[in-house]
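Chemist: Got a structure for you, questions after.
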Amino acid sequence: MVKRIESRNNPTIKNISALRDKRKREEMRLFCFEGVHLLEEYLKAGNTPKMLFVREDALQKYASLIDGADCDIFEVTDAVYEKLTEEKAPQGIFTVSEYLDNVAFVQDDCEKLSQSVKGNAIMLVDLQDNGNVGTVVRTATALDCPVLLCGRCADVFSSKTVRATMGAMFTGEIFVCPDTVKTIESLKSQGRRVIAAALNENAYTLGRFEIEATDIFAVGNEGNGLSSEVIDACSMTAIIPMSGKTESLNAAIASAVLLWEAKRGGMQ
């Protein structure tokens, strides 16, 4: 049964609007996203929404998709939807979901993490741009590689991050690890190499060394890169060869290059 909400001051609307705040998301263990494509990918991955808020004009237009959601559905007026949306041209479907099972929050049990992360992976450290984090999740999922979000990375459950993943976060392997150095040390203790993407005198050049099937690449903050503490904790450092006409690559692009090289073995 579809319920109707006409007031912007409705308590449910107020609660859902508050999910823009990370602390509220963590407290309620809920997140939200918008659009037809994301909902299609979400359902395709076998997830069930907590609730849907559907603008009046979208209720009929996307009836078959909405009917397949099997959750509480609220028809809302344009004014109410405007309070929910963060999109410039919204399609009129707003999904609220519980946190995903494929996103693991790792606190102290880093040993369990090292056993869970299989094959090559990408470690993002203090990456704060939602678009970059979402793009890396999308790329890594396409290449069947886990993503470790370490330190102060952008929240994977932010609507901006979810949108940038284009639905990949619903199926990818994602680990959220607050303590970066502890995570690196745990991975190394299990025989894994953690390779810092950083320029120093001992850095290996990508394409000129063999990448092992369990290697993990660490990519740092957009402005500052990896800290010396993190670099020192890593097994080795590596650089992406460039022409010299530019100083560095965007973090998401660098991650894509590193993951592609990892999948092909690294030697040219």
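The values are calculated or read from the model by the stated rules, or taken from the named source; none is laboratory data. Because the structure is a prediction, the values reported are computed rather than measured. Cβ coordinates were reconstructed from backbone atoms using ideal geometry, including for glycine residues, and neighbour counts include every protein chain displayed.
Chemist: Out of the residues in the stretch 18-29 that are touching a residue at least 40 places away in the same chain (Cβ under 8 Å) and surrounded by 15 or more Cβ atoms within 10 Å (Cβ to Cβ), which is farthest from the chain's Cα centre (by Cα)?
Modeler: By that ranking, first place goes to Leu19.
Chemist: Working only within the stretch 30-89, note down all residues that are polar (S, T, N, Q) and surrounded by 16 or more Cβ atoms within 10 Å (Cβ to Cβ).
Modeler: The answer is Asn47, Thr85.
Chemist: Can you name every residue in the stretch 238-260 that is part of a loop (DSSP other than H, G, I, E, B) and without any contact (Cβ under 8 Å) to a residue 60 or more places away in the chain?
Modeler: Selection gives Ile240, Pro241, Met242, Ser243, Gly244, Lys245, Thr246, Glu247, Ser248, Leu249.
Chemist: Name the one entry in Lys14, Lys50 that is assigned by TED's automatic domain parsing to the domain that holds Asp67, in contact (Cβ under 8 Å) with a residue 12 or more places away in the chain and of a type in the set (Lys, Arg).
Modeler: Exactly one residue qualifies, and that residue is Lys50.
Chemist: Suppose we filter Gly223, Gly191, Gly244 for residues that are over 20 Å from the mean Cα position of the chain (by Cα), farther than 20 Å from Ser114 by Cα and in the same structural domain as Leu143 (by TED's automatic domain parsing); which single one remains?
Modeler: Gly244
Chemist: Another question, if that's okay. When both residues are 6+ apart or on different chains and their Cβ atoms are under 6 Å apart, which pairs have a first residue that lies in the stretch 136-147 and is of a type in the set (Lys, Arg), and a second that is outside any helix (DSSP H, G or I) and modelled with pLDDT of 95 or more?
Modeler: Filtered contacts from the stretch 136-147: Arg138/Met166.
Chemist: Further question on the same structure: Residues that are of a type outside the set (Lys, Arg) and within 25 Å of Cys153 (Cβ to Cβ): find the strands (runs of 3 or more DSSP E) completely inside the stretch 45-111 holding 1 or more of those.
Modeler: Working: elements: 51-55, 72-76, 93-98, 103-105.
Fully inside the stretch 45-111 and qualifying: 93-98, 103-105.
Chemist: What pairs can you find where one residue is in the stretch 212-237 and without any contact (Cβ under 8 Å) to a residue 12 or more places away in the chain and closer than 13 Å to Ala197 by Cβ, the other is among the β-branched types (Val, Ile, Thr) and buried (at least 18 other Cβ atoms within 10 Å of the Cβ), and their Cβ atoms are less than 6 Å apart, with a gap of 6+ or different chains?
Modeler: none
Chemist: Quick one: in the stretch 105-142, which of the residues that are touching a helix residue (DSSP H, G or I) at 6+ places or on another chain (Cβ under 8 Å) and surrounded by fewer than 18 Cβ atoms within 10 Å (Cβ to Cβ) is nearest to Leu258 (Cα to Cα)?
Modeler: Checking each candidate, the answer is Ala142.
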